[in-house]
Structure formats: C-alpha cells, structure tokens
Amino acid sequence: MSTRSVFAAELPWPDYDAAVRDGRRPILVPIGSMEQHGHHMPLHVDVLLPTEFSRCVAERIDALVAPPFTYGYKSHQKSGGGNHLPGTTSLDGATLVSALKNVITEFVRHGVRKIAFMNGHFENSWFIVEGVDLALKELRWDGITDVKIVILSYWDFVTEETIKRLYPDGFPGWAVEHGGVLETSLMLALHPQLVQLERAVDHAPAKFPPYEVYPVRAEWTPPSGTLSSPKEASAAKGEILLEVCTKGIVDALRVEFG
Ligand SMILES: [Zn+2]
C-alpha cells in the first residue's frame, strides 16, 4: 500500500484518490453512538471499539478506515439502558439513514465499490440496512450496479467456544451485555486509560418483561446504566475477544470482497 495510514481522513486527497479510484480497496466505516456506558466507561465506547476493530481488520486486508459515525440511533432500554439517560445523545432514524445514504454515495463517487459497516451499537442495525438499501437503489438509477456493502456487528463473531471460555458462570445474552464483560474487557485491552474499573457497579443482569412501554419506565434500567455486571471483565478477555472477532471479520470480508 502506497499510503501511510489506514485512516482515510489522515491522507492527503491525491493519496486517498490513488487508494480508492480503481474500486478494489474496501473502505470500512465504523458506526457507533454517544451513549452512557455505566460509571466506569466513557460515552464513546460504541465508537472506539468498532474503530479499533476496523483498524485491525484494515491492516490485514489492505482496506481503508473511514471516519466513524459518532452518533447513532436512540438507545433502547432493553439493550442500551434507554434514551432517557444523561449523556446519551442520539439521532432520529431518518437523520441517520439519510447521513448513511449520503456517505455511501459519496464514497462510490470516489470510486469505492466495497464498503463494510462495522457496527458497535446494536440499535443502529436496521437503520444501516435502510441507508444501504436506499443508497443502492439510488446508485442503480444512475446505472451503478457493482457496489457491494457488508454490514456486521463485531460481537456476532464471538464464537460459542469463546463464550464458554469467557463466561464460565453462564452467558447473560448480548442484549444485556451493555457496559458488561464484553465491552469492558475490550476497552481494558484497547483503551485502558479510559476505564475506571474501581467505579464499576456489580449487579445481577437486568430483567425486563416481554414488552416495552413508552415513555420508558425508568426504574426498569439498573441505576448504574449498565445492564449486566462488568466485574468479571479483564484485559486478557479483551485480547481474546479482539483476536477472535478480528479473525472472523477478516475471513468474512475476504470471502465477500475477494
Ligand atoms: Zn455499547
């Protein structure tokens, strides 16, 4: 690779242009949210983690990493504590979809034909699908039909074997992992200076009834803002998760992008 950084926005435009013009080099787009993650972690966990996964993957498959989406769709009570909580700063679905569509069509204008959205915030999932669908439709109207877009969330690459290894006392499920062992361990491995584990609140996994109410019933969310305890988190677990997920994502993108 003739370029110096995997981060697209760190390149002068002629280097960026040379890197993407022929459409062969994938661009990875981290997408997260500004969302409370308990007393022990910063508001940008969902941005920092997919950005770091993107950097690791980009180095292995010769891709570029786009500037991340730093705001995401509204926090859902049963997966992120809820959008009523302090610090959590979210976009309307239509705003996010529109921004995603704009960014996709701009990258395609530059020549990019392989795009992967690296999601770090569960609530973004269907809005990414919608942005991709609308962008591909608009591009088809312009006669552009050779764009391929992959959408993934890094936690979906955690294998059953790894879950057994990391959660010997039982796995609470991804939905209540918000601010729990997975995210905290990854943050300890990647950004330890941003984690204050001594402030982590130990509590049983949140239990929700099988329905939702709006406005939310604030008392359903544990006062800490996390949905399960981060107490068992460690940098060593984070290293395992980083390697397992990076490998899984690299393999998937090699299959899809060649
Ligand atoms: Zn999160």
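The values are calculated or read from the model by the stated rules, or taken from the named source; none is laboratory data. Just so you know, these numbers come straight off a predicted model, no measurement behind them. No Cβ is skipped: glycine too gets one built from the backbone with ideal geometry, and neighbour counts run over all protein chains shown. The accessibility values were calculated without ligands, DNA or RNA, using every heavy atom of the protein model including side chains. Shrake-Rupley method; radii C 1.70, N 1.55, O 1.52, S 1.80 Å.
General observations
- The stretch 178-197, residues that are over 18 Å from the mean Cα position of the chain (by Cα), part of a helix (DSSP H, G or I) and in contact (Cβ under 8 Å) with a residue 60 or more places away in the chain: Leu197
- Within the stretch 169-219, the set of residues being farther than 20 Å from Asn83 by Cβ, open to solvent by 100 Å² or more (accessible area, probe 1.4 Å) and not basic (Lys, Arg) comprises Asp169, Gln193, Glu198, Asp202, Pro210.
- Counting only helices (runs of 4 or more DSSP H) wholly contained in the stretch 26-121, the ones carrying 2 or more residues that are in contact with a Gly (Cβ under 6 Å, 6 or more places away or on another chain), away from the ligand (no atom under 12 Å from the Cβ) and without any contact (Cβ under 8 Å) to a residue 40 or more places away in the chain occupy 93-110.
- Filtering the stretch 1-49 to residues that are of a type in the set (Gly, Ala, Ser) and either over 20 Å from Asn119 (Cβ atoms) or out of contact with any His (no Cβ under 7 Å at 6 or more places or on another chain) (or both) leaves Ser2, Ser5, Ala8, Ala9, Ala18, Ala19, Gly23, Gly38.
- Listed by first and then second residue, the pairs with beta-carbon distance under 8 Å, at least 6 apart or on different chains, first residue in the stretch 236-255 and under 15 Å from Leu182 (Cβ atoms), second buried (at least 18 other Cβ atoms within 10 Å of the Cβ) and modelled with pLDDT under 95, are Lys237/Leu166; Ile240/Leu166; Leu241/Leu166.
- Going through (1) within 14 Å of the ligand (Cβ to nearest atom); (2) free of Cβ contacts under 8 Å to residues at least 12 places away in the same chain one by one, Trp126 falls short only on (1).
- Applying a threshold of 9 Å to beta carbon distances and a minimum spacing of six or more residues, or different chains, the list of pairs starting in the stretch 143-156 at a residue that is under 30 Å from His178 (Cα atoms) and ending at one that is assigned to a loop (DSSP other than H, G, I, E, B) reads Val150/Pro26; Ser153/Gly120; Ser153/His121; Tyr154/Gly120; Trp155/Gly120.
- Test for Asp142: is it at pLDDT below 95 and either in contact with a strand residue (DSSP E or B) (Cβ under 8 Å, 6 or more places away or on another chain) or open to solvent by 30 Å² or more (accessible area, probe 1.4 Å) (or both): no
- The lone exception for Ser224 - which of (1) closer than 18 Å to Thr159 by Cα; (2) assigned to a loop (DSSP other than H, G, I, E, B) it fails: (1)
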